[in-house]
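**Student:** Below is the structure I would like to discuss, written out as C-alpha cells.
The values are calculated or read from the model by the stated rules, or taken from the named source; none is laboratory data. Nothing here was measured: the structure is a model prediction, and the numbers come from that model. A quick note on method: Cβ atoms are made from the backbone with ideal geometry, for glycine too, and the neighbour counts reach across all protein chains shown. These area figures cover heavy atoms from the full protein model, side chains too; ligands, DNA and RNA do not enter into them. Shrake-Rupley method; radii C 1.70, N 1.55, O 1.52, S 1.80 Å.
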Amino acid sequence: MWSRVNRAAEEFYCRLLQEFDEEKKGIHNDPFIYEADVQVQLISKGQPNPLKNILDENDVVFIVEKLPLEKEETSHVEEPQCEETAISDLSTGENVGPLALPVGRASLLLLLLNLFTHTVGFPACSNYILITYWCTYLRLHNVPFYFFTGQLIGLYTMAHNPNMTHLKIHHPVTALPPLWVRCDSSDPEGTCWLGAELVTTNSIAGIVLYTVSCKADKNYSVNLEDLKSSHKKRHHLSIVTTRGFAQYELFKSTALDDTLAASQTTITLDISWSPVDEILQSPPLSSTATLNLKVESGEPRGPLNHLQRELKFLLVLADGLRTGVSEWPEPLEVKSAVELVQEFLNDLNKLDGFGDSTKKDTETVKHDSAAVDRSIECLFTVRGDLDFAEQLWFKMSGSVVSYQDLVKCFTLIIQSLQRGDIQPWLHSGSNSLLSKLIHQSYHGTMDTVTLSGTIPVKMLLEIGLDKLKKDFISFFIGQELASLNHLEYFITPSVDIQEQVYRVQKLHHILEILVSCMLFIKPQHELLFALTQSCIKYYRQNPLDEQHVFQLPVRPTAVKSLYQSEKPQKWKVEISGGQKKVKTVWQLSDSAPVDHLSFHKPDVSELTLNGSLEERIFFTNLVTCSQVHFK
C-alpha cells in the first residue's frame with residue numbers, strides 16, 4: 001500500500017510542477033483533471049483570486065475543487081457514497097459556480113499529515129503499519145483513498161518533505177505555490193477551505209496547514225482575549241501581536257432599472273493599525289490608510305457621458321480605418337450630417353467665415369453639456385475657444401451614419417474653401433489634413449484631395465483626436481493636476497494614429513478616475529494631484545485596464561469624515577507571534593467571502609434603506625493554522 005502512496009505523491013507533484021513551469025513561461029492552461037472528479041487550477045499573480053476576501057492572497061496558488069458535472073466523463077461510474085461523504089450540490093440542477101469537495105473526507109487530514117510530515121527514514125516498519133492501518137480504515141468506511149479532500153494536501157506535503165528521499169522526484173525539490181482545497185462547509189465548524197503553504201529559507205524547512213471556516217449569522221459572539229489565548233495555546237506562545245484591518249465602501253454603482261446595469265466602479269478605503277484593543281474597534285487616526293479606486297468608463301449616468309460618446313465615435317473611426325468596416329452608431333441629431341454641415345457653412349459664409357458664429361455654436365455646446373449633468377460644470381466644462389475643426393467635429397460626430405455622409409460633408413467643406421466662401425480660424429499646432437487645407441486656402445492655393453478609400457475616415461479621426469487632446473489638456477492644466485510635460489506621452493502626434501487613439505483612451509480613463517474621486521470623495525488638491533501622477537505613471541508603463549485598482553496612500557485625518565460615522569463592510573483582526581506565517585485571523589463582513597457556498601439571504605423586509613452592516617446578515621471567518629517542521 002505504501003508504494004501506491006509514493007507513486008501518487010510522485011505523479012501529483014510532477015503534474016503540479018508541469019503547470020507551474022508553464023505558468024512561468026507565460027503559458028496559461030485550463031484546469032487539469034485529477035482522479036476523474038477533481039480539477040486543479042493554477043491562479044497566476046494578478047488574476048482574480050478566490051482567497052482574496054479572506055487572506056488578501058494575491059500571489060500564485062493552486063486551487064483544488066470538484067469538477068463541474070458537465071465536464072465529468074460520461075463513462076465514469078461513481079462509487080456509492082454515503083450521505084455524510086456525498087458532494088454537497090449547492091444548486092438545483094444548475095452549476096452556479098465553483099464546486100466544493102466534501103469536508104467529511106478531510107477529517108482524517110491531520111492524522112495522515114502527522115504521519116507524512118514526521119516520517120524519517122521512510123519506509124520504517126512502524127510507519128508502514130500506520131499507513132496500512134489508515135488506508136484500511138478508509139476502505140472499510142467506504143471512503144476511497146484517492147478521492148478524499150485531505151489526500152491531495154497530504155500528497156503535496158509528502159512530495160516536498162526532504163526526508164522522503166526514496167520518492168522518484170528530482171532533488172532538491174522545487175518549492176511549489178500554496179495548495180488550497182475548496183470544502184463544502186458541511187462539518188460543525190463550517191470548514192470552507194483547507195490549505196498548505198511551504199516554509200522556505202534556503203531550502204524547504206516545513207509547511208503551514210490552514211483551516212478556514214465560514215458561518216452566516218445575524219448574531220455573533222467573539223472575544224479578542226479568547227482568540228489570543230487560543231492562539232497562544234495552539235502555538236505554545238507567551239506573547240502575541242495583533243493587527244486590525246477595516247475596509248469601508250465609499251462608493252459602489254448600483255443598477256437603477258433593468259435598462260441601466262450597474263457599472264464596475266468601486267471606491268473603498270482600507271485602514272490597518274496595531275495593536276487592536278477590541279473586536280470591531282474603530283481605526284485610530286494613527287492608522288495606515290489606502291484609497292482604492294476601480295473606475296469603469298462610460299457610466300451612462302455619469303457626468304462625462306458626453307465625452308464618452310465622443311470617444312466611442314473616435315473608436316468607431318479608428319476601427320474603420322484599421323479594418324475597412326465601420327459600425328456607425330445611432331445619430332444623436334434629428335437633422336442629417338450633410339444638412340448640419342451645410343447650415344454651419346452658410347452661417348460662416350454670412351459672417352465672412354469667422355467671428356460670431358463660432359461663439360454662438362460654442363454657447364450651444366455648453367448648454368447641451370450642462371443638460372447632461374450640471375453638477376460637473378465646475379469640474380469639466382466645454383471649452384469656450386472651439387475652433388472651426390472642433391465645431392465641425394461636434395456637428396459630424398453626432399450625425400454621421402455612413403461613409404457616404406463623410407464624403408458629402410468633406411466635399412461641401414473643400415468646395416467652400418476653394419471658392420473662398422469661408423476662411424475659418426484654427427488653433428495652432430494641428431497636423432491634420434483638414435487644417436493643412438485650411439491654411440493653404442488662406443493663400444488661394446489648395447492641394448487636390450481625392451475623397452476615396454480611408455481618406456475621409458482619417459480626416460474626421462484626426463479632427464476628433466485634436467479636439468479631445470485639447471479638452472484633456474484644458475482640464476489637467478486648468479485644475480493644476482499636470483503639466484504639458486506630464487501629458488506629453490498621451491498627446492504626442494509622433495506615433496501612428498492608432499496608437500494616438502489608444503493613448504487618448506488611457507487619458508480619458510484617468511479623467512474618469514479623477515472626476516469620480518472629486519464627486520464622491522471631495523479630496524484636497526494635494527491628494528488629487530498625487531492620484532493624477534500615480535495614474536499617469538501607471539498608464540505610461542501599462543496597457544489600458546479598467547479592472548486595475550489604483551491605490552493611493554492617504555492620511556486618516558484627511559479622510560476621517562468619510563468613515564468615522566460609518567460601519568465597515570469588512571473588519572478583521574490578525575493575531576500572530578513567533579513564525580511569520582503562523583497566525584489566527586477572525587473576520588466579520590457584510591457579504592459572503594467565499595464563492596462556492598450558498599448562504600441564507602435576508603428578505604428585503606430585513607433591510608433598511610441604508611442597508612448598514614447592523615441590518616445585514618453577518619459572515620464570520622476564522623482562519624487557524626498549524627506549522628510542521630520537516631527536521
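**Student:** How do Tyr220, Tyr248 stack up against each other in accessible area, from largest to smallest, with a 1.4 angstrom probe?
**Tutor:** Tyr220, Tyr248
**Student:** Read phi for every residue in segment 12-17 and hand back ³J(HN,Hα) as whole Hz from Karplus 6.51 cos²θ - 1.76 cosθ + 1.60, θ = phi - 60°, with x for Gly and Pro.
**Tutor:** Along segment 12-17, the couplings run 5, 4, 4, 5, 5, 4 Hz.
**Student:** Under a 5 Å amide H to amide H cut-off, with H placed in plane at 1.01 Å, what residues pair with Phe618 once short-range neighbours are removed?
**Tutor:** Residues meeting the criterion, in which the H sits 1.01 Å from N, are Asp217, Lys218.
**Student:** Can you compute the FRET efficiency between Gln551 and Asp319 using 1/(1 + (r/R0)^6), with r the Cβ-Cβ distance and R0 = 35 Å? Round to the nearest 0.05.
**Tutor:** 0.60
**Student:** Considering only protein heavy atoms, what is the solvent-accessible area of His28 at a probe of 1.4 Å, reported in Å² to the nearest 10?
**Tutor:** 120
**Student:** Please work out the Kirkwood hydrodynamic radius for segment 496-541, using every pair of different C-alpha atoms, and report it in angstroms with one decimal place.
**Tutor:** 11.3
**Student:** Can I ask one more? Excluding ligands and nucleic acids, what accessible area in Å² is computed for Arg383 using a 1.4 Å probe, to the nearest 10?
**Tutor:** 20
**Student:** Decide, for segment 389-541, between rounded, prolate and oblate: order the square roots of the alpha carbon gyration tensor eigenvalues as a ≥ b ≥ c, take rounded if a/c falls under 1.5, and otherwise choose prolate if a/b is larger than b/c, else oblate.
**Tutor:** In terms of gyration-tensor shape, prolate.
**Student:** Whole-Å semi-axes of segment 544-586's equivalent ellipsoid, largest first, each the root of 5 times a Cα gyration tensor eigenvalue?
**Tutor:** Three semi-axes, in Å: 27, 19, 12.
**Student:** Given the pairs Lys470/Lys522; Lys312/Lys467; Lys215/Lys581; Lys24/Lys52; Lys537/Lys560; Lys45/Lys215, which are separated by over 18 angstrom at their Cα positions?
**Tutor:** Over 18 Å Cα-Cα: Lys470/Lys522; Lys215/Lys581; Lys24/Lys52; Lys537/Lys560; Lys45/Lys215.
**Student:** Give the separation of the Cα centroids, segment 195-216 to segment 429-502, in Å.
**Tutor:** Taking the Cα centre of segment 429-502 as reference, the centre of segment 195-216 is 56 Å away.
**Student:** Cβ neighbours within 10 Å, averaged per peptide: list 394-400, 200-206 in order, most packed at the top.
**Tutor:** Most protected by this proxy first, the peptides run 394-400, 200-206.
**Student:** Can you pull the percent of segment 435-551's accessible area that's carbon plus sulfur, 1.4 Å probe, other chains left in place?
**Tutor:** Of the solvent-accessible surface of segment 435-551, carbon and sulfur hold 51 percent.
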